[in-house]
Amino acid sequence: MIFANIEYLFLLLLLIPYIVWYILKRKKNEATLQISDARVYAHTPKSYKIYLLHLPFVLRLVALTMVILVLARPQSTNSWQNSEIEGIDIMLTIDVSTSMLAEDLKPNRLEAAKDVAAEFINGRPNDNIGIVVFAGETFTQCPLTTDHAVLLNLFKGIRTGIIEDGTAIGMGIANAVTRLKDSKAKSKVIILLTDGTNNKGDISPLTAAEIAKSFGIRVYTIGVGTNGTAPYPYPTAMGIQYVNVPVEIDEKILTQIASATDGQYYRATSNSKLKEVYAQIDKLEKTKLNVREYSKRQEEYRLFALIAFLCVLLEVLLRNSILKKIP
């Protein structure tokens, strides 16, 4: 605990002369009733009030001490703390094209991918993790961070239709590379999830993979979607109609991307398979990270103020009841 106004603690020194004054005053007090011989009262039982005689003074001292402590503004510790943890830097790169609405995974590919990725994030509390989304173009949903509460909150906002439709795999990788290239982590990873083939963007997937390799970034690719066809919801005047559309995943390109960067390609044909993929990636090597943690300052005066109030209240009650003086 620290004090914001520590200079007020010097007021505690004023209590010393106050105590001395009280002692001297008690010595100078004379009895109001004088008798020639007090031996007759020698065996008279003492009243319990004798033991309470100095209690009001003690209560007043405690109350004054508490008031001074309140003025000094006691606070909980407020500091930055450097700590070393184990973790790696990961950019989750997720396809948000409209084809991700296909419902071969439940409730659909995108929501299944978000649910499993959220579990993955919760299981790696020490990692720097960020999010890149892509369709016909790409943008960063969240830069690298160890604040996973913020990360998961931003994760909820991922949906189809937020950017131009299409599948720009190369652009998605390139965007993730820009977020990882300056990282000092020993292990830098991109986890790319898509359900289609590259048909948009100015950078080809293999060129983006070579760029990632040059920065020591490994790319793990995930092709999400069942084999054959998948039910896709089409809105019509009669409501949602489902049409079976062919699943077209460019597994050759995804395999080449992973191979070029010393990563690995996975195929997720169901929710359970997708969980297995993330479980395997979860076994990646870890490296040490330096994290700076901030502890927020809190005012802690309430307990001291309460004690001061109770002491004053008790003193007033004693002086006006069992210790009341007769004029």
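Across the chain, C-alpha contacts under 8 Å between residues 6 or more apart give a mean separation that, scaled by the residue count, equals a relative contact order of 24 percent.
For LEU154 and THR207, calculate 0.36 nm times their separation in residues minus their Cα-Cα distance, and state this gained length in nm to one decimal.
Full extension from LEU154 to THR207 adds 16.2 nm.
Whole-percent P(r), the chain, all Cα pairs, 20 Å bins from 0: 24, 30, 15, 17, 11, 3.
The share of accessible area on the chain that comes from carbon and sulfur is 57 percent, using a 1.4 angstrom probe. Relative to the longest principal axis of the Cα atoms of the chain, the long axis of helix 271-281 lies at roughly 70 degrees.
Per residue of the chain, the DSSP helices (runs of n ≥ 4 H) give a summed -39500 (n - 2.57) that works out to -11000 deg cm²/dmol at 222 nm. Relative to the longest principal axis of the Cα atoms of the chain, helix 55-71 runs at roughly 30 degrees.
Angle check, please: helix 251-260 long axis (alpha carbons) against the longest principal axis of the chain (alpha carbons), in degrees 0 to 90, nearest 10. Tilt relative to the chain: about 60 degrees. Per residue, the accessible area of the chain comes to 58 Å² when a 1.4 Å probe rolls over the protein heavy atoms.
Residues MET100, MET1, MET171, ordered by accessible area of protein heavy atoms at a 1.4 angstrom probe radius and largest first, appear as MET1, MET171, MET100.
The values are calculated or read from the model by the stated rules, or taken from the named source; none is laboratory data. As the structure is a computational prediction, the values presented were derived from the model and not from experiment. Surface accessibility is based on the protein's heavy atoms, side chains included, excluding ligands, DNA and RNA. Shrake-Rupley method; radii C 1.70, N 1.55, O 1.52, S 1.80 Å.
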